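Visitor: A single structure is presented below for examination.
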Amino acid sequence: MSGKANPFESLQSQIDSAAFHLDIEPDVLDRLKHPERVLETNLSVELDDGTLERFKAFRSQFNGDRGPYKGGIRYHPGVTRDEVKALSGWMVYKCAVVNIPYGGGKGGIVIDPAAYSESEIERLTRAFATELRPFIGEDRDIPAPDVNTGQREMNWIKDTYELLENTTEPGVITGKAIESGGSEGRVEATGRSTMLAAREAFKYLDKPIESATVAVQGYGNAGWIAANLLEDIGATVVAVSDSSGAIYAEDGFDTAAVKTFKNETGTVSDYEDADEAFTNEELLTLDVDLLVPAALENAIDGALAEDVQADVIAEAANGPLTPEADDVLTERGVHVIPDILANAGGVTVSYFEWVQNRQRFYWSEERVNEELETIICNAFDDLTSTYEAHDIDNFRTAAYVVAIQRVVNAFEEGGTFP
């Protein structure tokens, strides 16, 4: 696994593959492959010992034809300008494929948050919120959590923005705690949509999800929730991993018990009920019915894809397959449920949160989950209808055909100014 693929080039390749099936002028297509603007900023933050440290941060606003920009903020040492651009582009097409009225944005700070105290992370977050202030707002750009961020950071951003703007605007950001205007069902949303998309794919492919074996790479929020919900509908989760390595149990794991162990120890390794321990890469090549990559992008490249034995892959992470891996898996008949559908639950429930914030009227968790299921199932039906109508050879390209056509329609209806 090389890990060297440029995620922005991967995004552009995916757009080109879908455009082959659409009647789009080259100049319009070129517009869809580049962000409208990218903020690059340096944040100088005072650490607990009184010294200053500089952190590089980004916010990409990719396309706003269908609504305000929408997308998460990640804290990770691997954050780059091209990564943020790619993620903001994927958000455009993710929102379009599930047909919610947003464009795409993404942000990130180059940092290993584990190396800093909570007070240092708070100062950093508030410094970033201050830089973002002119660019965000409930009708402009609505950030959300991503890798290594959560309710805590979203609450700080909301508070900073409202203090500086002297207003109350909970819809400026989503993924907040319930008491700060968050939505029921938001924490589980990404894992839930992964389960729903996998369930619908197995139904479409006439495969029984109830007897499926599952391997989950990445046992963070999305991965563990997907595993738990797949277990609830009868699948058997036989392998899970985190950054420390992978574990396997032929008869399946109690997914909640593994999560409890990880919470207590910080790792899934050494879990006592595992039959075997191995590497993340070995997990990705296990002979299972369903593989759920739920870590970072570029987990599977073209070389590793030759060894993948899963029948179906549901991408809980963003961009876990390189374009070369897609080509190999398509040739081998492996069905990939693309990230822009499988993990779209996060942005969909973020949309519900935004709607509730603007109405100042809040929904029950039951309603949130019902509305999410309707949107994911309808989106999967749109995907498969396009897959069949255009005689497309994989689900990802079909999803992009649906999404790109919706963005182009919105652009053409709005016209060009100036």
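Visitor: Using the Cβ atoms and a cut-off under 10 Å, what net charge is assigned to the surroundings of Leu47, where Lys and Arg are +1 and Asp and Glu are -1?
Guide: -4
Visitor: Now for a separate question. I'd like the Karplus ³J(HN,Hα) series for the range 171-188: coefficients 6.51, -1.76, 1.60, θ = phi - 60°, whole numbers in Hz, and an x wherever there's a Gly or Pro.
Guide: x, 5, 8, 10, x, 7, 5, 3, 5, 9, x, x, 10, 4, x, 5, 4, 8
Visitor: With +1 assigned to the C-beta of every Lys and Arg and -1 to the C-beta of every Asp and Glu, and no other charges, what is the dipole magnitude of the range 297-375 about the Cα centre in debye, to the nearest 20?
Guide: About 560 debye.
Visitor: Sort out for me the Cα centre separation of the range 109-140 from the range 1-61, rounded to whole Å.
Guide: A separation of 18 Å, based on Cα centres.
Visitor: If you plug each phi of the range 399-404 into the Karplus form 6.51 cos²θ - 1.76 cosθ + 1.60 with θ = phi - 60°, what whole-Hz ³J(HN,Hα) values come out, in order, with x for Gly and Pro?
Guide: For the range 399-404, the Karplus-derived couplings read 5, 5, 4, 4, 5, 5 Hz, x marking Gly and Pro.
Visitor: State, as an integer percentage, the relative contact order of the range 96-166 based on alpha-carbon contacts under 8 Å between residues 6 or more apart. Walk me through the numbers before you get to the answer.
Guide: Numbers: 29 pairs, mean separation 23.7, N = 71.
The value is 33 percent.
Visitor: Further, regarding this structure: Enumerate by residue number the GluC sites (Glu not before Pro) in the range 1-43 meeting two conditions: DSSP loop (anything except H, G, I, E, B), and at most 16 other Cβ atoms within 10 Å of the site's Cβ.
Guide: The qualifying sites are Glu36.
Visitor: What does the range 164-298 give for Rg and for Dmax, in Å, if only its C-alpha atoms count?
Guide: In Å, with Rg to one decimal and Dmax whole: 16.9, 57.
Visitor: Could you tell me which of rounded, prolate or oblate describes the range 268-418, using a ≥ b ≥ c as the square roots of the eigenvalues of the alpha-carbon gyration tensor, with rounded for a/c under 1.5 and, failing that, prolate when a/b is larger than b/c and oblate otherwise? Write down the numbers at each step before the final one.
Guide: On the way: a/c = 2.28, a/b = 1.34, b/c = 1.70.
In terms of gyration-tensor shape, oblate.
Visitor: Which distance in nm do the two modelled labels at Thr374 and Arg358 give, with both placed 7 Å along the Cα-to-Cβ direction?
Guide: Simple spin-label model gives 1.7 nm for this pair.
Visitor: Gain in length, Ser119 to Ile178, computed as 0.36 nm per residue apart minus the alpha-carbon separation, to one decimal in nm? All intermediate terms of the calculation are to be shown ahead of the outcome.
Guide: Values: separation 59, 0.36 × 59 = 21.24 nm, distance 2.21 nm.
Length gained, Ser119 through Ile178: 19.0 nm.
Visitor: Accessible area per residue of the range 262-418 at 1.4 Å probe, in Å²?
Guide: Dividing the accessible area of the range 262-418 by its residue count gives 43 Å².
Visitor: Another question about this same structure. Go through the range 350-355 residue by residue and turn each phi into a ³J(HN,Hα) via Karplus (6.51, -1.76, 1.60, θ = phi - 60°); whole Hz please, and just put x for glycine and proline.
Guide: 4, 4, 4, 4, 4, 4
Visitor: A further question on this structure: For the ranges 264-270, 229-235, what's the packing order if you count other beta-carbon atoms within 10 Å of each residue, average per peptide, and put the highest first?
Guide: 229-235, 264-270
Visitor: Bin all alpha-carbon pair distances of the range 1-91 at 5 Å intervals from 0 and give each bin's fraction as a whole percent.
Guide: Per 5 Å bin, starting at 0, the Cα pair percentages come out as 2, 12, 19, 20, 17, 12, 8, 5, 3, 2, 1, 0.
Visitor: At most 15 other Cβ atoms within 10 Å and a DSSP loop assignment: could you name the chymotrypsin sites (Phe, Trp or Tyr not before Pro) in the range 365-418 that fit? All intermediate terms of the calculation are to be shown ahead of the outcome.
Guide: On the way: sites: Phe380, Tyr387, Phe395, Tyr400, Phe411; in loops: none.
Of the chymotrypsin sites (Phe, Trp or Tyr not before Pro), not one in the loops of the range 365-418 has a Cβ with at most 15 other Cβ atoms within 10 Å.
Visitor: How much net charge surrounds Glu353 when only other residues with a Cβ under 14 Å from its Cβ are counted (Lys, Arg +1; Asp, Glu -1)?
Guide: Net local charge, Glu353 excluded: 0.
Visitor: Would you mind working out the magnitude of the charge dipole of the chain relative to its Cα centre, with +1 at each Lys and Arg C-beta and -1 at each Asp and Glu C-beta, to the nearest 20 Debye?
Guide: So the magnitude is around 1640 debye.
Visitor: Okay, next question. Of Val328, Gly234, Asn378, which is farthest on the positive side of the dipole of the chain, counting Cα position, with +1 on Lys and Arg Cβ, -1 on Asp and Glu Cβ, and the Cα centre as origin?
Guide: Asn378
Visitor: Tell me the net charge near Phe380. Cut-off is 11 Å between Cβ atoms, Phe380 excluded, with +1 for each Lys or Arg and -1 for each Asp or Glu.
Guide: Details: positive: Arg199, Lys203; negative: Glu200, Glu373, Asp381, Asp382.
Neighbourhood net charge equals -2.
Visitor: Now for a different question. Taking the alpha-carbon set of the chain, what are its Rg and Dmax in Å?
Guide: Computed over the Cα atoms of the chain, radius of gyration and Dmax are 20.5, 65 Å.
Visitor: Please report the relative contact order for the chain, taking Cα pairs under 8 Å with a sequence separation of at least 6, and give it as a percent rounded to a whole number.
Guide: About 17 percent, as a whole number.
Visitor: Can you give me the pair-distance distribution of the range 63-181, C-alpha pairs, 5 Å bins, whole percents?
Guide: 2, 12, 22, 24, 21, 13, 5, 1
Visitor: Right, here's the next one. Can you give the helix-only mean residue ellipticity at 222 nm for the chain, where every DSSP H stretch with n ≥ 4 adds -39500 (n - 2.57) and the sum goes over all residues, rounded to the nearest 500 deg cm²/dmol? Display every interim value, and only then the final one.
Guide: On the way: 15 runs with 187 residues, N = 418.
Here the helix-only value at 222 nm equals -14000 deg cm²/dmol.
Visitor: Also, I was wondering about something else. What ranking do 90-102, 46-58, 278-290 get when scored by the average of other Cβ atoms within 10 Å per residue, highest first? Intermediate results must be reported in sequence, preceding the final value.
Guide: Details: 90-102: 25.2, 46-58: 13.1, 278-290: 19.1.
Highest to lowest by the protection proxy: 90-102, 278-290, 46-58.
Visitor: Then there is this: Mind checking which lysines have their Cα closer than 29 Å to the Cα of Lys259? Skip sequence neighbours fewer than 8 apart in that chain.
Guide: Straight-distance partners of Lys259: Lys94, Lys106, Lys176, Lys203, Lys207.
Visitor: Hey, what did the range 291-418 get for relative contact order, percent, Cα under 8 Å, at least 6 apart?
Guide: RCO, the range 291-418: 20 percent.
The values are calculated or read from the model by the stated rules, or taken from the named source; none is laboratory data. Bear in mind that the values here come from a model prediction, so they are computed numbers and not experimental data. Quick reminder, even Gly has a Cβ in these numbers, built from the backbone with ideal geometry, and neighbours come from all protein chains shown. SASA here: full protein model, heavy atoms, side chains in, ligands and nucleic acids out. Shrake-Rupley method; radii C 1.70, N 1.55, O 1.52, S 1.80 Å.
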